[in-house]
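Structure first, commentary second.
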Amino acid sequence: MMNLNTQWQMMCGIAMLVGLTACASDKTPATADVAVSREAVAAATSAGAADLAPAEMQSARDKLMRANQALAAKDYKTAQDLATQASADAQLAQSKANSAKATTAADELQKNIRLLREEVARANATSQQ
């Protein structure tokens, strides 16, 4: 699992690449945009989004595939648009996966706290007898 600092650095890098490629003309190959979206999909996959946010991951993968097809067909504007959408879908999937993991961890922590309180209550009741 990637730590928060690594995720932040990756997101900043993605934002810079998207910003730089937005300055390019529509005729310029959208290779960088497709590469950025590929990295976003890979990051979301490694965060467990395929299991925790399957619809968003499928959407990101479909759009990435279509962006690659548009790039091969030299339809750079469509490739760029689809790559941007794929990145957004992948980032949403990753956020949902991270949120689900955090919720699960919080639930487990609450359960452990409840069990500890029960143990302390039992120990206090036993010592007072």
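Going through region 64-87 one residue at a time, which ones are closer than 9 Å to Ala30 by Cβ and of a type in the set (A, V, I, L, M, F, W, C)?
Ala67, Ala70, Leu71, Ala79, Leu82, Ala83
Does any residue in region 88-113 that is at positive phi come within less than 9 Å, Cβ to Cβ, of a residue that is among the hydrophobic types (A, V, I, L, M, F, W, C) and at pLDDT 95 or above six or more places away or on a different chain, and which pairs are these?
Short answer, once both residue conditions are applied: none.
Looking at region 100-118, can you tell me whether even one residue there is closer than 18 Å to Pro54 by Cβ and among the polar types (S, T, N, Q)?
So the first thing to find is which residues in region 100-118 are closer than 18 Å to Pro54 by Cβ, and the list is 100-101, 103-104.
Then drop every residue that is not among the polar types (S, T, N, Q), which leaves 103-104.
Among the residues of region 100-118, at least one is closer than 18 Å to Pro54 by Cβ and among the polar types (S, T, N, Q), which makes the answer yes.
Could you pull out the residue among Asp51, Asp89, Asp107 that is loosely packed, with under 12 Cβ neighbours inside 10 Å, of a type outside the set (A, V, I, L, M, F, W, C) and under 15 Å from the mean Cα position of the chain (by Cα)?
Asp51
For residues that are of a type in the set (A, V, I, L, M) and over 8 Å from the mean Cα position of the chain (by Cα), scanning just region 29-48, find the one that is nearest to Ala100 (Cα to Cα).
Going through the qualifying residues, I end up with Ala42.
The values are calculated or read from the model by the stated rules, or taken from the named source; none is laboratory data. Note that the coordinates shown come from a computational prediction; the quantities given were computed from them, not determined experimentally. Every residue, glycine among them, receives a Cβ derived from its backbone with ideal geometry; neighbour counts consider all protein chains shown.
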